[in-house]
Structures are given as structure tokens and as C-alpha cells.
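Q: Below: one structure in C-alpha cells.
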Amino acid sequence: MKFLSRRFIVFSCLIFIADFVIENLNHKFQLNDFKVYYSAATAIATGKQVYDVAFSLGSGYYKYSPFIAILVYPIGILPYYGACIVDFLLISAATILASSIILELLSDFVFSKPFKSAALVLSLSFLCILTHLARELELGNVNVILLLTSCLSLRYLIRGKKVLAGIFLGLVIITKPFFILLFIPLIIRRYFVMIFSALGSVMVFIFLPAILLGIDRDLELHRQWLNAMLVHAAAFPSPNTLDAIIRSYFSLNVPSGFQYFAMLLLLIPYLVFSAANWYNRKNGKHLTSDLVMEWFVLLAILPSLLKTDTEHFLMTLPIIVYLLNYLIRTKNFALSILFVLLMLFYAGNISDLIGKKLSLELYNAGVLGISNILITTFAVILYIYQTRKKYISTSPVIA
């Protein structure tokens with residue numbers, strides 16, 4: 001991997017080590033989200049109840065598929081502290097690999113000029129997401145791993161390996177089904193082989209546990225999983241969705257169904273962006289750069305569409321890497337100032353620095369959600385009106 005920078009690896013590893021040491025010294029190395037996966041893996045293997053059981057603090061109910069619990073089981077046989085260390089290492093490695101793959105995709109297919117400052121871009125982007133990454137590490141969540149898997153899916157698609165790309169996408173969808181929205185750019189481009197591969201993989205992941213559990217228990221667990229997802233979606237508080245932001249700032253007293261209208265407010269511009277790219281294709285083939293940007297933009301807006309926790313906004317990392325690439329290449333001072341301001345709102349809610357009271361007020365005001373939408377919009381505008389004219393590669397994606 002050509003953008004796997006040694007300097008970036010050293011830089012990020014030093015921060016990971018520091019985080020690990022501090023969390024242990026403060027007795028906070030609990031990884032409560034990972035504890036849910038760990039406990040569910042043990043429960044499913046021993047025939048105990050998996051769903052509707054509080055395995056950890058907060059929203060400590062298992063709300064993922066039976067397949068994911070079985071996938072975690074090899075780590076689950078370790079003592080919990082040892083399993084936490086393995087999970088911490090997996091998240092750290094996934095962050096480094098995902099960052100490198102993102103930079104590779106952007107450099108190869110979005111920017112035509114070679115870029116030599118890989119360590120600089122990767123390190124700056126790492127610092128931009130550090131607030132959310134620290135929470136990801138503290139909880140032991142799977143967002144960075146899903147980001148890596150989705151980027152690998154895109155990478156294999158561009159390389160023409162549509163079946164393998166679909167398998168990776170299927171793994172993402174079985175973990176968090178709302179990632180099925182990534183079908184949008186695939187449908188527009190008629191990548192039906194990849195779509196069928198993803199759907200086929202999901203079906204395999206659904207019925208694979210039946211080999212160990214029996215078909216009846218497998219189906220019952222999936223029924224419970226569906227119910228757990230619905231309960232979580234209805235009950236989870238999130239002031240950072242577009243729905244919550246509109247309700248809060250405009251004091252609208254509208255029914256719960258308004259959330260779907262709010263989703264359309266983001267998805268329709270995205271569809272217009274994708275459709276415009278499709279119709280502007282050259283020589284009957286659409287540009288790889290368009291696909292890369294559409295994939296990354298959709299990843300970035302997912303946390304603004306659906307109720308989720310703040311660490312899920314790590315999905316904006318590809319857009320941040322894109323913006324840093326563009327700003328360093330163009331040396332545009334005014335746009336760089338705007339980027340810094342947006343990053344302060346995106347990553348500046350650190351209670352140890354600004355106090356718990358102000359931190360809570362910023363969270364309830366949906367500042368993170370607003371900044372995420374503005375950052376993504378900023379990137380789309382740059383891509384459409386400026387970047388495409390100067391730096392876009394004309395290499396076509398597979399037909």
C-alpha cells in the first residue's frame with residue numbers, strides 16, 4: 001500500500017499507546033460497547049439469552065445480528081481484559097489502514113497530480129478525528145472497522161472485483177443494515193453484480209449461524225434482532241440528526257414521521273449530485289473520481305440521517321482527508337480558515353477543555369451534526385466547482 005507512511009504509523013501509534021496508558025492509569029479501560037459484543041458472543045455460544053439483556057452500562061443491549069456475535073466469539077474465549085487489548089489493537093490498526101486506503105483512493109482517482117506529503121495529510125486528518133476516535137477506543141465500538149471494510153469494498157469495485165466488493169459490503173450491511181444506502185450509487189451505475197453479491201452475502205450471514213444453532217433458533221434470534229433494532233432506533237436520543245436539528249432550531253411540533261422527510265432533505269441533493277455525475281460521464285463511461293466522492297459523501301452523511309452516537313461521525317474521515325488534500329495543494333488561505341473553523345465545531349467538544357456544562361450545551365444544540373453537514377457540503381461544492389476543472393483524473397471506472 002503506497003500511502004502506508006512510516007511517519008504516520010509512528011505518529012498514530014504513539015497516540016494510541018498514550019491513550020492506552022492513560023485509560024489504564026485512570027481505570028477507564030472498560031470498553032463498554034465491546035463488552036456487549038463479548039457478552040453476546042458468550043451468550044449465543046452457551047445457549048443463553050442474547051437480546052433484551054443489559055450486558056453493559058448505558059445502551060448496553062445487544063442490537064447486532066447473531067452472525068456478528070459468532071464472529072466475535074474467537075476473541076470472546078479470551079479473558080475480558082485480554083479481549084479488550086485485542087479489540088483496542090484492531091481499532092488502532094483499522095484506523096491506520098482506513099486512512100491510508102482513503103488517501104490512496106483520493107490520490108489515484110480524484111487528484112491527478114502526485115502528492116508527496118502523505119504523512120502530513122494523514123497526521124492532520126488523524127488529529128481532526130481524534131476527539132471521536134478517543135471515544136471509539138474508550139467504548140470499543142466498530143465504526144472504524146466498518147469504515148475500513150466499506151473503503152475496501154470500494155477499492156475492490158474500482159479494481160473490477162465486483163463479487164469480492166459485494167462480500168465486503170454485505171459484511172458492513174449485516175453489521176449495521178442502514179449501510180444498505182450505499183446501494184444508491186451502485187444502482188445509479190447499474191453495478192448489479194456487486195449488489196447481488198452483497199445481498200447474497202447478507203443471506204449467507206443470516207443463515208450461517210443455523211449450522212451451529214439450528215434453523216429454528218437462528219430464525220428466532222433474527223426476529224429478536226429486528227425487534228432490538230426497532231426499539232433502539234425509536235428510543236435512542238440524538239440531537240445531531242437533521243431531523244433533530246430542524247425540530248430544535250425551528251421549534252416545530254411535527255409527528256415522528258417528519259424524520260423521513262428530513263432524511264429526504266439530505267438524500268435528494270445527494271441523488272441530484274450522483275445523477276449529474278452519471279449524465280456528465282465521458283465516452284459512455286462515468287469517472288472513477290465521481291464514484292469515489294459519492295461513496296465518501298454518502299458515508300459522511302449517514303450519521304446525520306439516522307439516530308446514532310457521536311463516534312459514528314468518524315465516517316466523515318474520507319471527506320476530511322479530501323479537504324486537506326485540496327487545501328494543501330491549492331494553499332487557499334481563506335478556505336483553510338473556513339476548514340479550521342468547521343473542524344473546531346466538529347471536534348472541539350472536549351469536556352476536559354471547555355467544561356462539562358458547555359460541552360453538554362453544544363451537544364444538545366446539535367453542533368456536531370450541523371458541522372458535519374457543512375463540512376460535507378463544503379467538500380461537494382469544492383469538488384463540483386473547482387476541483388473537477390483542475391485536478392480530476394479522467395481514468396474511467398469499470399463499465
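The values are calculated or read from the model by the stated rules, or taken from the named source; none is laboratory data. Since the model is a prediction, treat every value here as computed from it, not as a measurement. Please note: Cβ atoms are built from the backbone with ideal geometry, for glycine as well, and neighbour counts cover all protein chains shown.
Q: Being surrounded by fewer than 21 Cβ atoms within 10 Å (Cβ to Cβ) and over 21 Å from ALA98 (Cβ atoms): is that true of LEU265 here?
A: Working: surrounded by fewer than 21 Cβ atoms within 10 Å (Cβ to Cβ): yes; over 21 Å from ALA98 (Cβ atoms): yes.
Against the criterion (surrounded by fewer than 21 Cβ atoms within 10 Å (Cβ to Cβ) and over 21 Å from ALA98 (Cβ atoms)), LEU265 qualifies.
Q: In the stretch 110-124, which residue that is over 20 Å from the mean Cα position of the chain (by Cα) and in a helix (DSSP H, G or I) is nearest to TRP295 (Cα to Cα)?
A: Ranking the qualifying residues of the stretch 110-124, first place goes to ALA118.
Q: What residue, of ILE245, ILE188, ILE206, is within 29 Å of LEU154 (Cβ to Cβ) and in contact with a Ser or Thr (Cβ under 6 Å, 6 or more places away or on another chain)?
A: Details: ILE245 fails: in contact with a Ser or Thr (Cβ under 6 Å, 6 or more places away or on another chain); ILE206 fails: in contact with a Ser or Thr (Cβ under 6 Å, 6 or more places away or on another chain).
Within the list ILE245, ILE188, ILE206, the selection yields ILE188.
Q: Among the residues of the stretch 20-71, write down those that are among the hydrophobic types (A, V, I, L, M, F, W, C), in a loop (DSSP other than H, G, I, E, B) and under 24 Å from the mean Cα position of the chain (by Cα). Give the steps one after another, and end with the answer.
A: Step one: filter the stretch 20-71 for residues among the hydrophobic types (A, V, I, L, M, F, W, C), giving 20-22, 25, 29, 31, 34, 36, 40-41, 43-45, 50, 53-55, 57, 67-71.
Okay, now just the ones that are also in a loop (DSSP other than H, G, I, E, B), so 29, 31, 50, 53, 57.
PHE29, LEU31, LEU57, listed by residue number.
Q: Still on this structure: Could you say whether any residue in the stretch 358-377 is buried (at least 23 other Cβ atoms within 10 Å of the Cβ), of a type in the set (Asp, Glu) and either more than 23 Å from the chain's Cα centre (by Cα) or modelled with pLDDT of 90 or more (or both)?
A: No, there is no match, as no residue in the stretch 358-377 is buried (at least 23 other Cβ atoms within 10 Å of the Cβ), of a type in the set (Asp, Glu) and either more than 23 Å from the chain's Cα centre (by Cα) or modelled with pLDDT of 90 or more (or both).
Q: If I go through the stretch 338-369 residue by residue, how many of them are more than 14 Å from PHE313 (Cα to Cα), in contact (Cβ under 8 Å) with a residue 60 or more places away in the chain and outside any helix (DSSP H, G or I)?
A: 2
Q: Please go through (1) assigned to a loop (DSSP other than H, G, I, E, B); (2) free of Cβ contacts under 8 Å to residues at least 24 places away in the same chain for PRO74 and return the number of the only condition it doesn't satisfy.
A: Here PRO74 meets the rest and fails (1).
Q: Specify which of the listed residues (LEU298, LEU335, LEU314) is in a helix (DSSP H, G or I) and either modelled with pLDDT under 95 or farther than 25 Å from ILE246 by Cα (or both). Step through it out loud before you land on a result.
A: On the way: LEU298 fails: either modelled with pLDDT under 95 or farther than 25 Å from ILE246 by Cα (or both); LEU314 fails: either modelled with pLDDT under 95 or farther than 25 Å from ILE246 by Cα (or both).
Answer to the selection: LEU335.
Q: Check whether at least one residue in the stretch 169-179 is assigned to a helix (DSSP H, G or I), within 19 Å of ASN325 (Cβ to Cβ) and either free of Cβ contacts under 8 Å to residues at least 24 places away in the same chain or of a type outside the set (A, V, I, L, M) (or both), and report yes or no. Working first, answer last.
A: Within the stretch 169-179, the subset assigned to a helix (DSSP H, G or I) is 169-175, 177-179.
From the residues that got through so far, the ones that are within 19 Å of ASN325 (Cβ to Cβ) too are none.
For the stretch 169-179, residues assigned to a helix (DSSP H, G or I), within 19 Å of ASN325 (Cβ to Cβ) and either free of Cβ contacts under 8 Å to residues at least 24 places away in the same chain or of a type outside the set (A, V, I, L, M) (or both): absent.
Q: Being modelled with pLDDT of 80 or more, part of a loop (DSSP other than H, G, I, E, B) and under 19 Å from LEU298 (Cβ atoms) is the filter here, so list the residues in the stretch 239-287 that pass it.
A: ASN240, THR241
Q: Could you count how many residues in the stretch 148-171 are under 20 Å from THR308 (Cβ atoms), of a type in the set (A, V, I, L, M, F, W, C) and surrounded by fewer than 24 Cβ atoms within 10 Å (Cβ to Cβ)?
A: Total satisfying the criteria: 1.
Q: In the stretch 134-147, which residue that is more than 13 Å from the chain's Cα centre (by Cα) and within 11 Å of SER92 (Cα to Cα) is surrounded by the fewest Cβ atoms within 10 Å (Cβ to Cβ)? Give the derivation first.
A: First, pick out the residues of the stretch 134-147 that are more than 13 Å from the chain's Cα centre (by Cα): 134-135, 137-140.
Retained after the next criterion (residues that are within 11 Å of SER92 (Cα to Cα)): 134, 137, 140.
Working: ALA134: 16, LEU137: 23, GLY140: 23.
By that ranking, first place goes to ALA134.
Q: Given the conditions (1) within 20 Å of the chain's Cα centre (by Cα); (2) surrounded by fewer than 24 Cβ atoms within 10 Å (Cβ to Cβ); (3) at pLDDT below 95; (4) not acidic (Asp, Glu), which single one is not true for LEU291?
A: Condition (2) is where LEU291 drops out.
Q: So the check is Cβ under 6 Å with 6+ separation or different chains; which pairs have a first residue in the stretch 1-22 that's closer than 13 Å to ILE91 by Cα and modelled with pLDDT of 95 or more and a second one that's surrounded by 11 or more Cβ atoms within 10 Å (Cβ to Cβ) and of a type outside the set (Phe, Trp, Tyr)?
A: Close Cβ pairs satisfying both conditions: SER12/ILE96; PHE16/SER92; ASP19/LEU137.
Q: Could you tell me whether LEU127 is modelled with pLDDT of 95 or more, part of a helix (DSSP H, G or I) and surrounded by 20 or more Cβ atoms within 10 Å (Cβ to Cβ)?
A: Judged against the criteria, LEU127 is not a match.
Q: Checking LEU89 against (1) under 23 Å from GLU136 (Cα atoms); (2) outside any helix (DSSP H, G or I); (3) of a type outside the set (Val, Ile, Thr); (4) free of Cβ contacts under 8 Å to residues at least 24 places away in the same chain: exactly one of these is not met. Which one?
A: (2)
Q: Another question, if that's okay. Before we move on, is SER248 more than 19 Å from VAL121 (Cβ to Cβ) and surrounded by fewer than 19 Cβ atoms within 10 Å (Cβ to Cβ)?
A: On the way: more than 19 Å from VAL121 (Cβ to Cβ): yes; surrounded by fewer than 19 Cβ atoms within 10 Å (Cβ to Cβ): yes.
Here the answer is yes, as SER248 does meet what is asked.
Q: If a residue must be within 20 Å of PHE378 (Cβ to Cβ) and in contact (Cβ under 8 Å) with a residue 24 or more places away in the chain, how many such residues does the stretch 258-268 contain? Don't jump to the end; show me each part of the working.
A: Of all residues in the stretch 258-268, those within 20 Å of PHE378 (Cβ to Cβ) come to 265-268.
Next, from what is left, pick out any that are in contact (Cβ under 8 Å) with a residue 24 or more places away in the chain: 266-267.
The qualifying residues number 2.
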